[in-house]
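The values are calculated or read from the model by the stated rules, or taken from the named source; none is laboratory data. What you are looking at is a predicted structure, and each value in this text was computed from that prediction instead of being measured. Glycine gets a Cβ as well: all are built from the backbone with ideal geometry, and neighbour counts include every protein chain shown. The area values use the complete protein model at the heavy-atom level, side chains included, leaving out ligands, DNA and RNA. Shrake-Rupley method; radii C 1.70, N 1.55, O 1.52, S 1.80 Å.
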Amino acid sequence: MVVGIMVGAGIFRTPGLVAAQLGRPWLTFVAWIAGGALAFLGALLFAELATRLPRAGGKYVYAREAFGPRAAFVVGWVEALGIYAAAIAAIGVAAGEFLVRLTGWSPAATPWAGVGFVALFTGINLVGVASGRWVQNLVTAAKVLALGGVVVIALAHGNGSGWHGGRRGARGGRGGAAVLGALAIAFQSVIWTYYGYVDAAKIAEEVVDPGRTLPRVFVGGIAVAAALYLLLNAAFFNVLPLERVAASNLVAADAAAAIFGARGGTVIAALALIVVLASLNGNVFVTPRVLFGMAREGLAPAVLARVNRGGTPWVAMLVVGAVALGLAATGTFGDLLSLAIVLILLIDGFVVAALFRLRARAPEAPFLVPLFPALPVLFLLIYAALFVGTALAQPFVVVKAAAVLVAAYLVSRVATYRVG
């Protein structure tokens, strides 16, 4: 399940963004390896949080137990309508990019294709749980075929052209402080591609013996995903020059086209579109459940807890869908990804900080992070460094993220439902 959550739209769309920022093959591998290490560290921390509080709902549950209902309100609303709505919009835009590539439409059609995909899958999931699950099973079936095929084909037929030289003008090639900014921006794509393991904590309530099972689930899933990502990046550089990788928004298809011609690229692009749609459907399916859980506990208007005959929290689904549609219509993939990742740095950092308070109250738990407090401190320092690097390189994105947080806090002050 963790591999299914993690491996999706990101690995098809983000390798070009990472290569464009860093401009050196070896530096891109540093970023992907470091991203796997950071995901492993985060998995240990969220495994303890999930085993301490094995309840459905996600991060707002931990924030509520540690800091109270107002903190839970901000975390839950920002997670649902900030992080995940931006993620749904970004995945929709990525799907639009792939559809434009397949059809030959004008690039100007990309955001509207993204809007169409978001609306389509919101509608499918509004029908009921069964339809959303059926679509998820269908589109996920192509994932292993697409990724495994790319690795085998590219490693077998490439000539290693991408391992030589670098990309002129890339931030990562300038040295000094520019490398920090380049790594911070490139790491947005890397974190995005590894992200998703945190969502496994939302099923903690349904796991047998979560104290033993969840840590294995987190760590094993991340190990498989990290190995796959490194193999894929090696495959891309084995076939394409770095400049081609950096300029591509669908590297896997370009690698197949370089070997087999346009038809091979079209096949991979079609499979990539299916995988991206699986990711889109999964996010549309899960996100309204956060608002539903908050409404059920009095942290959101009661109307958001309404469920239709199909088992879907339909009001929450409409709210998330409307926000995602607006974002998809107005943003590019890179802009939406940057906003989502800055919010992740802030919200996940805050949630990990909750672990210190929870440990102080109850030192024992089914699973304990080793080397406490060193590992959570290291995690927070890394997130802080990434936030500073992003603020230096993309100050406007940080301003937008701060505005989202301030808005959520102000709403919590005037909300008429139960906020502390």
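One residue stands out in the stretch 64-79 among those that are touching a Gly at 6+ places or on another chain (Cβ under 8 Å) and assigned to a helix (DSSP H, G or I): the one that is nearest to A401 (Cα to Cα), namely E79.
Among the residues of the stretch 196-216, at least one is modelled with pLDDT of 80 or more, open to solvent by 50 Å² or more (accessible area, probe 1.4 Å), farther than 24 Å from A94 by Cα and not in a loop (DSSP other than H, G, I, E, B).
Scanning the stretch 325-373 for residues that are at pLDDT 90 or above, surrounded by fewer than 20 Cβ atoms within 10 Å (Cβ to Cβ) and closer than 16 Å to A85 by Cβ gives G326, A329. Sub-7 Å Cβ pairs linking a first residue in the stretch 308-331 that is closer than 16 Å to F292 by Cα to a second residue that is basic (K, R) and open to solvent by 40 Å² or more (accessible area, probe 1.4 Å), at least 6 apart or interchain, are P313/R289; P313/R306; W314/R306; V315/R306, ordered by first then second residue. Are any residues in the stretch 281-312 open to solvent by less than 50 Å² (accessible area, probe 1.4 Å), among the hydrophobic types (A, V, I, L, M, F, W, C) and in a helix (DSSP H, G or I), and if so, which ones? Scanning the stretch 281-312 gives V284, V290, L291, F292, M294, A295, L304, A305.
Could we say that F67 is open to solvent by 10 Å² or more (accessible area, probe 1.4 Å), of a type outside the set (S, T, Y), in contact with a Lys or Arg (Cβ under 8 Å, 6 or more places away or on another chain) and modelled with pLDDT of 90 or more here? Spell out how you get there, then give the answer.
Values: open to solvent by 10 Å² or more (accessible area, probe 1.4 Å): yes; of a type outside the set (S, T, Y): yes; in contact with a Lys or Arg (Cβ under 8 Å, 6 or more places away or on another chain): yes; modelled with pLDDT of 90 or more: yes.
So F67 passes the test.
Here is a check on your reading of the model: is A278 crowded, with 19+ Cβ neighbours inside 10 Å, at pLDDT below 85, among the small types (G, A, S) and touching a Lys or Arg at 6+ places or on another chain (Cβ under 7 Å)? So A278 passes the test. Of everything listed in (1) in contact with a helix residue (DSSP H, G or I) (Cβ under 6 Å, 6 or more places away or on another chain); (2) more than 17 Å from G8 (Cβ to Cβ), the single unmet condition for D209 is (1).
Condition check ((1) open to solvent by less than 10 Å² (accessible area, probe 1.4 Å); (2) under 24 Å from A94 (Cβ atoms); (3) of a type outside the set (S, T, N, Q); (4) in a helix (DSSP H, G or I)) across all residues:
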site: I11; (1), (2), (3), (4): yes, yes, yes, yes
site: A20; (1), (2), (3), (4): no, yes, yes, yes
site: A31; (1), (2), (3), (4): yes, yes, yes, yes
site: G35; (1), (2), (3), (4): yes, yes, yes, yes
site: A39; (1), (2), (3), (4): yes, yes, yes, yes
site: A50; (1), (2), (3), (4): yes, no, yes, yes
site: P54; (1), (2), (3), (4): no, no, yes, no
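With respect to the conditions (1) open to solvent by 10 Å² or more (accessible area, probe 1.4 Å); (2) in contact with a helix residue (DSSP H, G or I) (Cβ under 6 Å, 6 or more places away or on another chain), A252 lacks only one, and its number is (1).
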